[in-house]
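Below is one structure; the comments refer to it alone.
The values are calculated or read from the model by the stated rules, or taken from the named source; none is laboratory data. All values derive from a computational prediction rather than experimental measurement. Please note: Cβ atoms are built from the backbone with ideal geometry, for glycine as well, and neighbour counts cover all protein chains shown. Ligands, DNA and RNA are stripped out before the accessible areas are found, and what is left, the full protein with its side chains, is counted by its heavy atoms. Shrake-Rupley method; radii C 1.70, N 1.55, O 1.52, S 1.80 Å.
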Amino acid sequence: MPESKYNWREIARWLWQALRGNRLQATLNAGIGLFGVGLSLLTVWAMQRAIDTASGVRSGSIYWAIGIMAVIILAEFAVGISRVWIKNILGIKAQNRMQQQLVARLLRQQWQGREAMHSGDIINRLEMDVKQVVTFLTETLPSVLSTLAMFFGAFFYLLRMDVWLACITIAILPFFALISRFYVSNMRHYSRQVRQTDSEIQSLLTETMQHRMLVKTMEAEPQMLDRLEDKQHTLRNWVKRRTLFSVISNFFLNFGFSAGYLIAFLWGALRLHAGTLSFGGMTAFLQLVYRIQGPARDITRLAPAFVSVFTAAERLMELDEMPAEEQDVPHPAPSPCGIRFHDVTFNYGASGQESVLQHASFDFAPGTCTAVMGPTGSGKTTLIRLLLALITPSEGKIVIYGSPDDSESKDSNATWSEELKPCHRCNFVYVPQGNTLLSGTLRQNLLLANPDATDEQMNEALRIACAEFVFDLPEGVDTEFSEQGGGLSEGQAQRLAIARALLRPGSIILLDEATSALDADTERRVLHNLLDNQQRTVIIVTHRMAAVDYCSRVVNIGS
């Protein structure tokens with residue numbers, strides 16, 4: 001195998017691990033393949049018997065001979081149907097399972113702040129590369145067993161009939177093995193380039209669709225189409241190179257196989273002319289040679305299959321490179337609780353790059369309401385990510401703390417504290433900036449925050465968020481929306497996002513410009529509902545003074 005990011009042992013080990021969840025389908029395909037090999041060899045025997053019976057070389061009933069052939073043909077039909085059923089039913093299930101495993105792994109990975117891969121590229125890998133890997137593991141790999149069984153079965157059958165012809169038939173196979181090695185070395189490079197360019201095209205298409213309003217208003221359609229054409233032109237060039245190389249390689253392979261078949265035909269014709277071979281034997285000769293060359297062709301075709309699956313496996317292995325987030329059971333804290341920053345410094349880049357936050361010390365005390373303000377680029381978004389334990393400080397530490405329940409502690413001044421980790425994320429009620437609604441019903445959106453929320457709880461959250469307009473919709477909370485709440489105004493979408501967050505039972509409310517799309521009157525009503533008699537700790541990242549008026553303290557960062 002040519003050099004790449006991973007050596008062939010690492011890729012083979014990853015594929016073996018992936019095979020574990022697909023053993024049933026692989027085993028069924030292997031069993032059906034072997035059964036099909038047996039039927040194929042029986043067909044040769046039955047056809048030779050029928051022809052020799054019809055020509056008088058063998059005694060017996062021609063009807064019985066044809067009847068045996070009919071039974072074998074029906075069995076082959078059943079095998080074909082079984083293969084289609086297993087491929088379509090179990091195949092899609094296997095693909096779904098691998099996609100779920102990879103998505104779960106991606107969701108558990110550490111948040112890096114700056115994504116290493118484009119979302120379109122990731123989707124391309126989850127769709128195309130997963131399909132390629134599953135097809136190889138469940139169909140291509142099991143077929144190797146039946147291919148080898150067919151090859152050796154047909155060879156020994158032919159060997160029993162004619163030793164010299166059997167030896168001549170397989171004598172040219174080492175030559176094909178050398179060609180296959182050269183083929184693999186070059187095809188892997190071409191396949192990698194094609195898959196990478198295809199991912200780049202999907203990434204561009206994803207961005208264009210996500211920002212089509214921006215493209216239209218800037219009248220940038222020609223530029224986007226030009227960028228798309230450039231990527232597609234590159235893809236066509238790589239596909240052209242790969243196809244040309246494949247055509248030339250296949251020409252030499254097929255030329256060799258055709259020459260071998262002609263030699264077998266000539267050998268059989270000479271024996272038939274000399275009277276040392278029956279017409280049925282001649283037919284069997286040609287069928288056995290085909291059944292030897294057929295698996296040999298399949299084996300050479302395995303080369304591109306191995307190339308493709310190694311490329312796909314590499315691309316999926318790259319999704320695992322980001323370290324996983326620390327996994328632990330959720331740690332709900334007594335309400336209210338606070339968050340304290342102790343001399344925290346954070347840097348997204350390499351050592352030496354200017355830090356976003358430098359030696360920051362904040363105390364968001366339990367039960368308080370704090371406004372966080374600062375100019376663009378001052379570190380407000382970084383502060384939110386640190387609070388949610390999506391990223392960890394480069395220096396210093398962050399703790400979540402509070403006072404124990406007086407009924408359980410004699411010392412009312414005693415406090416508890418733990419270093420903030422992902423397991424404490426359950427204590428946060430977070431409303432992100434912008435439109436974060438997903439396609440589907442409003443109920444499905446609301447239940448993302450709390451799968452066990454009742455209709456009464458959802459209605460109360462909608463009321464607090466001043467989203468009573470939902471009650472006037474014909475389907476209420478079962479109204480279905482398109483991507484990003486299509487049909488809703490930005491202000492309506494923002495209020496629904498607030499209502500969704502309020503269904504979480506966390507004791508710390510974190511609002512990131514959560515009222516930026518609301519008019520002044522609606523903003524005042526929402527903030528009043530959120531903060532009136534509020535017993536939870538509230539942190540508002542904002543630049544609007546209306547929110548500051550409801551806060552007991554203000555933290556300015558970057559100043």
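Output the residues belonging to segment 13-24 that are surrounded by 14 or more Cβ atoms within 10 Å (Cβ to Cβ) and modelled with pLDDT under 85.
Selection gives Gly21, Asn22.
On the given criteria, is Ser258 among the polar types (S, T, N, Q) and either open to solvent by less than 30 Å² (accessible area, probe 1.4 Å) or at pLDDT 80 or above (or both)?
No, not satisfied.
I'm trying to understand the selection: among the residues of segment 435-446, which are part of a helix (DSSP H, G or I), open to solvent by 30 Å² or more (accessible area, probe 1.4 Å) and polar (S, T, N, Q)?
If the condition is that a residue be part of a helix (DSSP H, G or I), open to solvent by 30 Å² or more (accessible area, probe 1.4 Å) and polar (S, T, N, Q), then Gln444 is the only one that fits.
State all residues of segment 513-559 that are on the phi > 0 side of the Ramachandran plot and at pLDDT 85 or above; if no residue qualifies, say none.
Glu513, the sole residue that qualifies.
Which of (1) in contact (Cβ under 8 Å) with a residue 24 or more places away in the chain; (2) closer than 27 Å to Arg291 by Cβ does Trp8 not meet, given it meets every other one?
(2)
Taking His342, is it at positive phi and assigned to a strand (DSSP E or B)?
So His342 fails the test.
Of these, Leu228, Leu235, which one is in a helix (DSSP H, G or I), within 25 Å of Ile123 (Cα to Cα) and in contact (Cβ under 8 Å) with a residue 40 or more places away in the chain?
None of the other options fit; the residue is Leu235.
So that you can scan it fast, the table gives a plain yes or no per residue for (1) assigned to a helix (DSSP H, G or I); (2) polar (S, T, N, Q); (3) open to solvent by less than 60 Å² (accessible area, probe 1.4 Å); (4) modelled with pLDDT of 85 or more:
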{"position": "Thr197", "(1), (2), (3), (4)": "yes, yes, yes, yes"}
{"position": "Gln202", "(1), (2), (3), (4)": "yes, yes, yes, no"}
{"position": "Phe245", "(1), (2), (3), (4)": "yes, no, yes, no"}
{"position": "Phe252", "(1), (2), (3), (4)": "yes, no, no, no"}
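What are the pairs with Cβ atoms under 9 angstrom where one residue, in segment 259-284, is farther than 12 Å from Leu165 by Cβ and the other, located anywhere, is open to solvent by 80 Å² or more (accessible area, probe 1.4 Å) and in a loop (DSSP other than H, G, I, E, B)? Sequence gap at least six, or different chains.
Pairs that qualify, where the first residue is farther than 12 Å from Leu165 by Cβ and the partner is open to solvent by 80 Å² or more (accessible area, probe 1.4 Å) and in a loop (DSSP other than H, G, I, E, B), are Ser278/Val57; Ser278/Arg58; Phe279/Val57; Gly280/Val57; Gly280/Arg58.
Which residue pairs have Cβ atoms closer than 7 Å, lie 6 or more positions apart in sequence or on different chains, and pair a first residue in segment 453-474 that is more than 15 Å from Thr522 (Cα to Cα) with a second residue that is open to solvent by 40 Å² or more (accessible area, probe 1.4 Å)?
Qualifying pairs under 7 Å: Ala453/Leu447.
Looking only at residues that are more than 20 Å from Tyr190 (Cβ to Cβ), open to solvent by less than 50 Å² (accessible area, probe 1.4 Å) and touching a Lys or Arg at 6+ places or on another chain (Cβ under 6 Å) in segment 296-352, which one is modelled with the highest pLDDT?
Looking at residues that are more than 20 Å from Tyr190 (Cβ to Cβ), open to solvent by less than 50 Å² (accessible area, probe 1.4 Å) and touching a Lys or Arg at 6+ places or on another chain (Cβ under 6 Å), I get Pro336.
Is it true that some residue in segment 377-388 is open to solvent by less than 70 Å² (accessible area, probe 1.4 Å), touching a Leu at 6+ places or on another chain (Cβ under 6 Å), at pLDDT below 85 and outside any helix (DSSP H, G or I)?
yes
Identify all residues within segment 461-496 that are more than 21 Å from Asn529 (Cα to Cα), acidic (Asp, Glu) and touching a helix residue (DSSP H, G or I) at 6+ places or on another chain (Cβ under 7 Å); write none if there are none.
Asp478
Return the residue satisfying two criteria in turn: it lies in segment 42-60 and is buried (at least 19 other Cβ atoms within 10 Å of the Cβ) and among the aliphatic types (A, V, I, L, M), and of such residues it is nearest to the chain's Cα centre (by Cα).
Only one residue fits best here, namely Val44.
Working only within segment 35-60, note down all residues that are small (Gly, Ala, Ser) and over 12 Å from Met150 (Cβ atoms). Walk me through it before giving the result.
Step one: list which residues in segment 35-60 are small (Gly, Ala, Ser), which gives 36, 38, 40, 46, 50, 54-56, 59-60.
Selection gives Ala46, Ala50, Ala54, Ser55, Gly56, Ser59, Gly60.
Quick one: which residue in Ala453, Ala461, Ala449 is in a helix (DSSP H, G or I) and either of a type outside the set (Val, Ile, Thr) or exposed (fewer than 12 other Cβ atoms within 10 Å of the Cβ) (or both)? First the steps, then the outcome.
On the way: Ala453 fails: in a helix (DSSP H, G or I); Ala449 fails: in a helix (DSSP H, G or I).
Answer to the check: Ala461.
Quick one: what pairs do we get from segment 358-384, first residue over 21 Å from Gly396 (Cα atoms), second among the aromatic types (Phe, Trp, Tyr) and open to solvent by 60 Å² or more (accessible area, probe 1.4 Å), C-beta under 7 Å, 6+ apart or different chains?
Cys369/Tyr550
Among all residue pairs at least 6 apart or on different chains, which show Cβ distances below 9 Å where the first residue, located in segment 138-164, is more than 25 Å from Leu15 (Cβ to Cβ) and in contact (Cβ under 8 Å) with a residue 40 or more places away in the chain and the second is open to solvent by less than 50 Å² (accessible area, probe 1.4 Å) and charged (D, E, K, R)?
Matching pairs, first to second residue: Gly153/Arg291; Ala154/Arg291; Phe155/Arg291; Tyr157/Arg291; Leu158/Arg291.
Provide a single number: the residues in segment 209-226 that are modelled with pLDDT of 85 or more and within 26 Å of the chain's Cα centre (by Cα).
Matching residues across segment 209-226 total 0.
I'm trying to understand the selection: among the residues of segment 145-165, which are over 23 Å from Gly33 (Cβ atoms) and in contact with a Leu (Cβ under 9 Å, 6 or more places away or on another chain)?
Correct list: Met161, Asp162, Leu165.
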